[in-house]
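Inspection log for the structure reproduced underneath, given as structure tokens.
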Amino acid sequence: MKVNIIGRQMNVWNEMKETIDIKLKKLDKYFSDECSATVTLSSKHNQKCLEITITASGIIFRSEVEDETFRNALDRAIYSIERQIRKNKTRLQRKLRKGAFDNGIVDTNEEFDEEGEFIIREKTFPLKPMSTEEAIMQMNLLEHEFFVFKNDKSGDVCVVYKRRDGAYGLINTEG
């Protein structure tokens, strides 16, 4: 796994980089060597924020955790990603590394104004054809409320979203 560590408005010390590498090696059993992980560390209002994004075989796993220390946040974020993998084990089995489940275990740009207030957060991701079920799984893995995807049957750009009642919705586009 290729690991990229980013410190937002801070420097990440070498000891923390080594700790992140060691902890992420725990997830190597699920992923092939071609996957990549981005770990972003920041500090907001005396809380440490750690975000892990892993891209593997066209699937994105993401966890964002705030805690009093980066080490606690790292442990919770890795646990969250492992939980996502276990929860979606049957759907992911054909996409992840062969033998990942044999043992029964299962780029963002931010711009700030001069006062440091949030202006815009921009994300870019490849729009690949997928089924509605796969889009819902991807949305849940990212822990988002909606997900934009290209429908593999119609070729249209669609949006799945989580409704307040817990059900899912689908928005289709025309033209």
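Each reported figure results from applying straightforward, stated rules to the coordinates on display, with no laboratory input. Remember, it's a predicted structure, so these values are computed and weren't measured experimentally. Virtual Cβ from ideal backbone geometry, glycine too; neighbours counted across all protein chains shown.
Calculate one ³J(HN,Hα) per residue across region 144-158 by plugging θ = phi - 60° into the Karplus curve 6.51 cos²θ - 1.76 cosθ + 1.60, and present them in order as whole Hz with x for glycine and proline.
Each residue's phi maps through the Karplus curve to give 9, 8, 8, 8, 9, 8, 9, 5, 6, 8, 9, x, 7, 7, 10 Hz.
On alpha-carbon atoms, Rg over Rh for region 124-175 using Kirkwood Rh?
0.95
Determine ³J(HN,Hα), in whole Hz, for all residues of region 25-30 in sequence, where each value follows from phi through the Karplus function 6.51 cos²θ - 1.76 cosθ + 1.60 and θ = phi - 60°; x replaces Gly and Pro.
4, 4, 8, 4, 5, 8
What residues qualify as long-range amide H neighbours of Ser32, i.e. H under 5 Å apart, gap of 5 or more or another chain, H built at 1.01 Å from N?
For Ser32, the qualifying residues are Arg97.
What is the dipole size for region 124-175, taken about its Cα centre, with +1 at each Lys and Arg Cβ and -1 at each Asp and Glu Cβ, in debye to the nearest 20?
With only Lys, Arg, Asp and Glu charged at Cβ, the dipole is about 40 debye.
For Asn172 paired with Asn72, estimate the spin-label separation in nm (one decimal), with each label point 7 Å from Cα along the Cα-to-Cβ line.
Roughly 4.9 nm, to one decimal.
Projecting each Cα onto the charge dipole of region 1-64 (Lys/Arg +1, Asp/Glu -1 at the beta carbon, about the Cα centre), which of Ile59, Met10, Val39 comes out farthest on the positive side?
Highest projection toward the positive end goes to Met10.
Looking at this model, which pairs from Lys23/Lys87; Lys29/Lys87; Lys2/Lys128; Lys17/Lys87 are more than 18 angstrom apart at the alpha-carbon?
From Lys23/Lys87; Lys29/Lys87; Lys2/Lys128; Lys17/Lys87, over 18 Å: Lys23/Lys87; Lys2/Lys128; Lys17/Lys87.
Starting with the highest mean, order 163-174, 73-84, 44-55 by the number of other Cβ atoms within 10 Å, averaged over the residues of each peptide.
The packing order, highest mean first, is 73-84, 44-55, 163-174.
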